[in-house]
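Below you'll find the structure, written out as structure tokens, and then a few comments.
The values are calculated or read from the model by the stated rules, or taken from the named source; none is laboratory data. What you see is a predicted model, and the numbers here were worked out from it, not measured in a lab. Here the Cβ positions follow ideal geometry from the backbone for every residue, glycine too, while neighbour counts run over all protein chains shown.
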Amino acid sequence: MKPILIIGGGISGITTAVEAAETGYEVIIVEKLSYLGGRVVKMNQYFPKLCPPYCGLEINFRRIRQNKNIQVYTSAQIVSISGEKGNYIAKIKYAPKYVNNNCTSCGKCMEVCPVERKDEFNYNLKSTKAIYLPHEMAFPYKYTIDDSVCKKENCKKCLEVCEYNAIDFSANEVINELLVSAIIIATGWKPYNPEKLDKLSYNQSKNVITNVEMERLAAPNGLENGSIKRLSDKEIPKNIAFIQCAGSRDENHLPYCSGVCCSASLKQAINYTEKVKDGKATIFYIDLRVTGRNEDLLKKVEKNQNISLIKGKSSNIIETKNNNLIVEAEDIMSGKKIKQEFDLVVLATGIVPEKTDLDILDVDEFGFAKKNKMDEGIIPVACVTEPMDVSASLKDATGAALKAIQIINNSA
């Protein structure tokens, strides 16, 4: 029986893998990053329970470690797929493994490394050394080397201090072929590029950030150990604006609603006022679209005297001489245009499907995958198909596992 291939090791890919593997089917996860967890592992909390991401991921990592039916390939990409239902050939490219399984994550290599790189785990808001541990709960738990900046043989400082022969600069890229029965596309999503939003000053001010960057500011393992501070001067902001639909529901950017941004901003506003007791938050919105258990967040916000809701979309943000920000918006309820000064602005940018170089999916005008090839054994899941929160993604991933199992059984 050929295994199920899962492209993408985020929460959806992980869920699909463990659900299929625990019913006896072999599964292969291929993840382009050096660790599993995707976007979720970078969050501070996810709703509706407001859990830290490790709460659920740690359990799934253990399920992966204990299940012989699951193979995980990180720092790897699928470069081509051919074949037919029940009998696909996937060509996989493995990046050079300069750090091998002898690594004990002692950290001595990082201490002597002279080269720095932008830290993608923290959305490039800080730096790490060229050899680094992606984060403290990384799976697999070992150091990795950024091939684009490491000096390798021209430096060798990490080699000199490693006691376990865990570093090998002679490692090369490897390409193999996998024979698989079905393919799950779980490549996930990325935030809409805020640099395109000229009037919202993301490019002009360090104190205009996105909602995903706010997650890293608030996270205990984030930029300031969970203390929310401005990037410009490391001061704690006393007055934050959350701008909803930053680029969304806009024919010049994303015409659609991403569905999760309102709940995310409500969650972040609550978290901020809990951490900064005298802090004030203002949410500018068109409509507050929250459903199900996420309505509890809205009820909490409405009762919170330190959070204001203004129905009106921001049209312009201007930075002042002291790095504060003037938000210009229309207050729909009063019919007046307002200008209000804030210490920090958070843009709720929408969800965009993460593209791959594989030409095996049909997509709509927004880039989301259609499900018209599922009966052929090519199954897109979660945010590849439409914007979803974590809860909905888990349900969709479980359904994808069942669909893949049906494909296998029908092809036997």
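What to note about this one:
- Set Gly83, Gly37, Gly107: member being in contact with a strand residue (DSSP E or B) (Cβ under 7 Å, 6 or more places away or on another chain) and on the phi > 0 side of the Ramachandran plot: Gly83
- For region 390-404, the criterion of a residue being part of a loop (DSSP other than H, G, I, E, B), in contact with a strand residue (DSSP E or B) (Cβ under 8 Å, 6 or more places away or on another chain) and surrounded by 22 or more Cβ atoms within 10 Å (Cβ to Cβ) is satisfied by no position.
- Selected residue [touching a Phe, Trp or Tyr at 6+ places or on another chain (Cβ under 9 Å), outside the structural domain of Gly86 (by TED's automatic domain parsing) and not small (Gly, Ala, Ser)] from Ile338, Ile326, Ile405: Ile326
- Filtered residues of region 275-302 (kept if of a type outside the set (A, V, I, L, M) and over 27 Å from Lys229 (Cβ atoms)): Asp287, Arg289, Thr291, Gly292, Arg293, Asn294, Glu295, Asp296, Lys299, Glu302
- Leading residue by the ranking (nearest to Ile283 (Cα to Cα)) among those in region 334-361 that are of a type in the set (S, T, N, Q) and surrounded by 13 or more Cβ atoms within 10 Å (Cβ to Cβ): Gln340
- Matching residues, region 41-73, being within 15 Å of the chain's Cα centre (by Cα) and either at pLDDT 95 or above or within 23 Å of Glu177 (Cα to Cα) (or both): Val41, Lys42, Met43, Asn44
- Residue count for region 170-211 under the criterion of being under 26 Å from the mean Cα position of the chain (by Cα), part of a strand (DSSP E or B) and farther than 30 Å from Ile228 by Cβ: the result is 4.
- If the condition is being surrounded by 20 or more Cβ atoms within 10 Å (Cβ to Cβ) and over 29 Å from Lys2 (Cβ atoms), then region 164-193 contributes Ala166, Ile167, Pro191, Tyr192.
- From Asn69, Asn44, residue being closer than 30 Å to Ser227 by Cβ, of a type in the set (S, T, N, Q) and touching an Asp or Glu at 6+ places or on another chain (Cβ under 7 Å): Asn44
- So Asn294, is it more than 24 Å from Ser201 (Cα to Cα) and surrounded by 14 or more Cβ atoms within 10 Å (Cβ to Cβ): yes
- Filtered by the rule that a residue be surrounded by 13 or more Cβ atoms within 10 Å (Cβ to Cβ) and over 15 Å from Glu111 (Cβ atoms), region 150-163 gives Cys150, Lys151, Lys152.
- Some residue of region 30-48 being over 27 Å from Ser265 (Cβ atoms) and either in contact with a Cys (Cβ under 9 Å, 6 or more places away or on another chain) or not in a loop (DSSP other than H, G, I, E, B) (or both): yes
- Residue match in region 362-372 (condition: surrounded by 14 or more Cβ atoms within 10 Å (Cβ to Cβ), farther than 22 Å from Pro255 by Cα, in contact with a strand residue (DSSP E or B) (Cβ under 9 Å, 6 or more places away or on another chain) and not polar (S, T, N, Q)): no
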